[in-house]
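Here is the structure we will look at.
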Amino acid sequence: MPVINLKGHVALVTGSSSGLGSAVALKIGLAGATVAVHYRKEKSEADDLVARIIAAGGKAMAFGADVSNRSEVENLFASIDRELGSVDILVNNAGIDGIRALCGDDNPDNWEKVIAVNLVGPYYCSREAVKRMRKNHKGVILNITSVHEFIPWTGYTAYASAKAGLSMFTKTLAQETADDGIRVLSVAPGAIKTPINKSVWGNPDTLADLNRKIAMEKMGSPDDIANAVSFLVSDLAGYITGTTLVVDGGMLLYPDFKHGG
Ligand code: BGC
């Protein structure tokens, strides 16, 4: 019996056709949860992941939707109800960095899109999840934020604002739903090697610059995040709610202060 046992749970992991989401969906599936693998465009990647989970003895199915579209999210949850049962673990992972641009030189449509996907999407999904979790008096909502819920990031005002907003959404919703047996949490990844930041780790100079910003001087792997998420959604974390677990190799530790001061 694995230490983390999610048998009997139905988990939705948004944006799980690639990157962090796919590692999270796989790990949760291997721990016994039935997994709704969500994608927006990458259907074949989502189908591949479903096949991997099933091949390992788990249960999974792929579902497509745009998390920033309210009626698509409502339909997504209704389809999962029909096919897999009521979601009692929601991982709001789907997110985009957006296009780097300074405020004033940027395109407001891009700004709004980042807020729509990274903040409004988790709200729409949580709304549907909470309705179901309240009825069953159990559930966990886990929001993937970022070190940029704490660290400002020039050129990414929308991204940092969305992540800081999502962190406060976590705390407020945790307070609001504690009496309903629902836990709400955030995991804040640092620089994790995924397609989202390939332009940085794909180039030795920008990778070296990034590593200098991390106390452990190396990027994390999607599995580092999946391990943290699996623990937090499990009963082992049953007394933890309304807080952020930072998984960043020490990015928040002011690594420049290793020297001088
Ligand atoms: C972003 C990555 C970035 C990391 C550290 C994450 O939230 O998605 O692109 O490398 O923060 O800055």
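At-a-glance table
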quantity: Any pair with Cβ under 6 angstrom, 6 or more apart, that starts in region 135-164 at a residue that is of a type in the set (S, T, Y) and ends at one that is more than 9 Å from the ligand (Cβ to nearest atom) and open to solvent by less than 20 Å² (accessible area, probe 1.4 Å); calculated: T145/L166; T145/S167; T145/S186; Y159/V114
quantity: Tally, over region 119-145, of residues that are out of contact with any Asp or Glu (no Cβ under 9 Å at 6 or more places or on another chain) and within 16 Å of the ligand (Cβ to nearest atom); calculated: 6
quantity: Residue check for G32: at positive phi, surrounded by fewer than 21 Cβ atoms within 10 Å (Cβ to Cβ) and not polar (S, T, N, Q); calculated: yes
quantity: Number of positions in region 1-29 that are open to solvent by less than 30 Å² (accessible area, probe 1.4 Å) and farther than 22 Å from M219 by Cβ; calculated: 7
quantity: Number of positions in region 63-92 that are closer than 14 Å to V35 by Cα and part of a loop (DSSP other than H, G, I, E, B); calculated: 5
quantity: Long-range neighbours under 6 Å by Cβ, at least six apart or interchain, first residue closer than 20 Å to E42 by Cβ within region 186-197, second among the charged types (D, E, K, R) and within 9 Å of the ligand (Cβ to nearest atom); calculated: I196/D97
quantity: Failed item, numbered, when V35 is tested on (1) farther than 15 Å from A226 by Cβ; (2) in contact with a helix residue (DSSP H, G or I) (Cβ under 7 Å, 6 or more places away or on another chain); (3) not polar (S, T, N, Q); calculated: (1)
quantity: Sole exception among (1) more than 20 Å from I99 (Cα to Cα); (2) outside any loop (DSSP other than H, G, I, E, B); (3) of a type in the set (D, E) for E217, by number; calculated: (2)
quantity: Some residue of region 158-168 being open to solvent by less than 60 Å² (accessible area, probe 1.4 Å), within 26 Å of S234 (Cβ to Cβ) and basic (K, R); calculated: yes
quantity: Positions within region 150-159 being within 28 Å of I182 (Cα to Cα) and within 9 Å of the ligand (Cβ to nearest atom), in sequence order; calculated: Y159
quantity: Candidate set: region 176-211, residues that are over 20 Å from the mean Cα position of the chain (by Cα) and assigned to a loop (DSSP other than H, G, I, E, B); chosen: the one farthest from Y123 (Cα to Cα); calculated: N203
quantity: Unique residue being without any contact (Cβ under 8 Å) to a residue 40 or more places away in the chain and not basic (K, R) when the list is D81, D105; calculated: D105
quantity: Residues (more than 9 Å from the ligand (Cβ to nearest atom) and in contact with a Gly (Cβ under 6 Å, 6 or more places away or on another chain)) located in region 185-217; calculated: P195, A215, M216
quantity: Residues within region 105-120 that are outside any loop (DSSP other than H, G, I, E, B) and either of a type in the set (D, E, K, R) or open to solvent by 70 Å² or more (accessible area, probe 1.4 Å) (or both), tallied; calculated: 5
quantity: Residue ID - least open to solvent (accessible area, probe 1.4 Å), chosen from residues in region 220-261 that are of a type in the set (F, W, Y) and part of a helix (DSSP H, G or I); calculated: F231
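The values are calculated or read from the model by the stated rules, or taken from the named source; none is laboratory data. Not measured: the values here are computed from a predicted model. Don't worry about glycine lacking a Cβ; one is built from the backbone with ideal geometry, like all the others, and counts go over all protein chains shown. Ligands, DNA and RNA are stripped out before the accessible areas are found, and what is left, the full protein with its side chains, is counted by its heavy atoms. Shrake-Rupley method; radii C 1.70, N 1.55, O 1.52, S 1.80 Å.
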